[in-house]
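Okay, so here's the structure we're looking at.
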Amino acid sequence: MSLTIPQGSFVSLVGESGCGKSTIAAVLSGARTATEGEVTLGGIPVSEWKQADRLRLLTLVPHNAAIFKGTVEANLRMARPDAAEAELWAALEQVNLADFCRSQSGLATALHEGGSNLSGGQRQRLAMARALLHDTPIYLFDEATSNVDAESENDIMQAIHSLAGKKTIILISHRLANVVHSDCIYAMSNGRVIEQGTHAELLAKQGAYSRLYLAQRQLETLEEEDA
């Protein structure tokens, strides 16, 4: 496998479960070590980055981001301890969670272990707000919108698109409707890149990506009609 993600670009990795998308995320974030070849961030091998430096360079947002017992404010300040209160509220506004917090106890809203007193969508939006506060040059979203309600998915995707052009974005998504506006899409299968290009280019090829995209769109249309 060989792929390049230019600085400031919006790149998506797609493919069926088990094709290797999350392995790439794990290698880039330092959670796993590549046994062959070379993986670099900014031209420097990932293995040479100290963990603290890598954390300042890259923010990983997984599908099951951890929410800790305490308060909304405490969870947000894990990303940036010195953030002004207005910045905390701005991050919550960006993910459409501010009104909910105002209806509770504001930034002092209590959170149970794992955020169990929030819905799945609220937990993921809070994790997204925390990621926005971290403010790193690279953002890696590994199925960040899976298992959330449609409204939360839209809120999270809007926040991701707000970073486009300002940050380097790597989006891993099983739902291809979310990758349509990417600068480049890498379609994977069995640990290999089998197609790459823009959404329009990949549709024109009528290959694996096109078949998967059209099948998903047809299924979602049927679900909407049933609803």
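With each label modelled as a point 7 angstrom along the Cα→C-beta vector, the Gln218-Ser162 pair spans 3.8 nm. Look at the Cα gyration tensor of the range 21-66: its axes a ≥ b ≥ c give a/c of at least 1.5 with a/b at or below b/c, and that counts as oblate.
What a 1.4 Å probe finds exposed on the range 144-193 is 41% carbon and sulfur by accessible area, rounded to a whole percent. Computed with a 1.4 Å probe over protein heavy atoms only, the accessible area of Asp135 comes to about 90 Å².
Surface composition of the range 1-129: carbon and sulfur make up 49 percent of the accessible area, probe 1.4 Å. In the chain, taking the dipole from charged Cβ atoms about the Cα centre, the farthest positive-side position among Ala83, Ala108, His161 is held by Ala83. Extension gain, Asn154 to Ala34, is 39.8 nm, computed as 0.36 nm per intervening residue step minus the present C-alpha separation.
Given a 1.4 Å probe, how much area per residue of the range 24-112 is accessible, in Å²?
On the way: 5190 Å² over 89 residues.
That works out to 58 Å² for each residue.
Looking at the range 167-222, the trypsin sites (Lys or Arg not before Pro) that sit in a DSSP loop and have at most 16 other Cβ atoms within 10 Å of their own Cβ are Arg175.
The values are calculated or read from the model by the stated rules, or taken from the named source; none is laboratory data. Everything numeric here is computed off the predicted structure, so don't read it as measured data. Methodologically, a virtual Cβ is constructed for each residue, glycine included, from the backbone with ideal geometry; neighbour enumeration extends over all protein chains shown. Ligands, DNA and RNA are stripped out before the accessible areas are found, and what is left, the full protein with its side chains, is counted by its heavy atoms. Shrake-Rupley method; radii C 1.70, N 1.55, O 1.52, S 1.80 Å.
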